[in-house]
1. Does ASP50 satisfy the criteria of being farther than 30 Å from GLY158 by Cβ and either surrounded by 10 or more Cβ atoms within 10 Å (Cβ to Cβ) or in contact (Cβ under 8 Å) with a residue 40 or more places away in the chain (or both)?
2. Hey, could you check the range 131-157 for residues that are modelled with pLDDT of 80 or more and exposed (fewer than 13 other Cβ atoms within 10 Å of the Cβ) and say which is farthest from ARG115 (Cα to Cα)?
3. Name the one entry in THR76, THR22 that is under 41 Å from the mean Cα position of the chain (by Cα) and free of Cβ contacts under 8 Å to residues at least 60 places away in the same chain.
Amino acid sequence: MDKPNTNKGPITQDTIDKGKDTADRAKDTVQSAASDTRNWANDQTDRAKDAVKSGASDAKNWASDQADRAKDAVKTGASDTRSWASDQADRAKDVARNTAEQAGQRAAETVDRGRQSAAGVLDRAADKLRQSGQRIPGGDTTTDLANRAAQGLQSTAGYLRRTDARSMASDVKESVRRHPTQALVGALVAGFLVGRAMRRQ
């Protein structure tokens with residue numbers, strides 16, 4: 001069996017030139033595709049970098065905003081706490097003030113209710129001093145002191161009957177402030193004489 005004839009004739013210069021031209025076109029195509037691929041890859045890389053930067057910036061802005069909100073919340077809470085504490089302190093002061101005023105008023109009312117009784121006690125003590133003045137040792141001097149003390153007690157009884165508790169407290173403070181020594185001595189003498197008179201009766 002005969003072999004097929006593969007001889008196609010001699011390769012001409014035109015064929016060679018066409019082959020080179022085809023090869024050059026293929027090379028250009030490959031280079032163009034590679035360049036396009038690189039450009040596309042670079043573009044995608046730049047976009048990714050921009051996205052990362054933008055995301056990081058957004059994250060920073062979000063975190064900063066949340067931090068500012070937290071600070072504002074803390075400041076607001078602290079301010080509200082101070083306001084509440086101040087309000088509670090003011091209420092406590094008002095309660096204490098009202099309580100003190102009520103206590104003072106009740107004490108004054110109690111004193112006022114007992115003024116007449118106290119005045120009667122002083123009158124009786126003055127009478128006893130006068131009755132027993134002659135029997136107290138010390139002669140006329142002691143008797144004179146007893147009578148003066150009795151007169152002072154009666155004056156005090158009259159003062160109690162016409163003066164309320166608040167006015168008395170104010171008068172006592174003013175008297176002690178102006179004449180502290182005399183007030184102390186007078187109280188001691190009156191107490192001594194009244195005690196002596198009471199024991200003898």
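The values are calculated or read from the model by the stated rules, or taken from the named source; none is laboratory data. Note that this is a predicted model, so its numbers are computed, not measured. Positions of Cβ are generated from backbone atoms using ideal geometry, with glycine treated the same way; all protein chains shown enter the neighbour counts.
1. Yes, satisfied.
2. Restricting to residues being modelled with pLDDT of 80 or more and exposed (fewer than 13 other Cβ atoms within 10 Å of the Cβ), the top hit is ASP144.
3. On the way: THR22 fails: under 41 Å from the mean Cα position of the chain (by Cα).
None of the other options fit; the residue is THR76.
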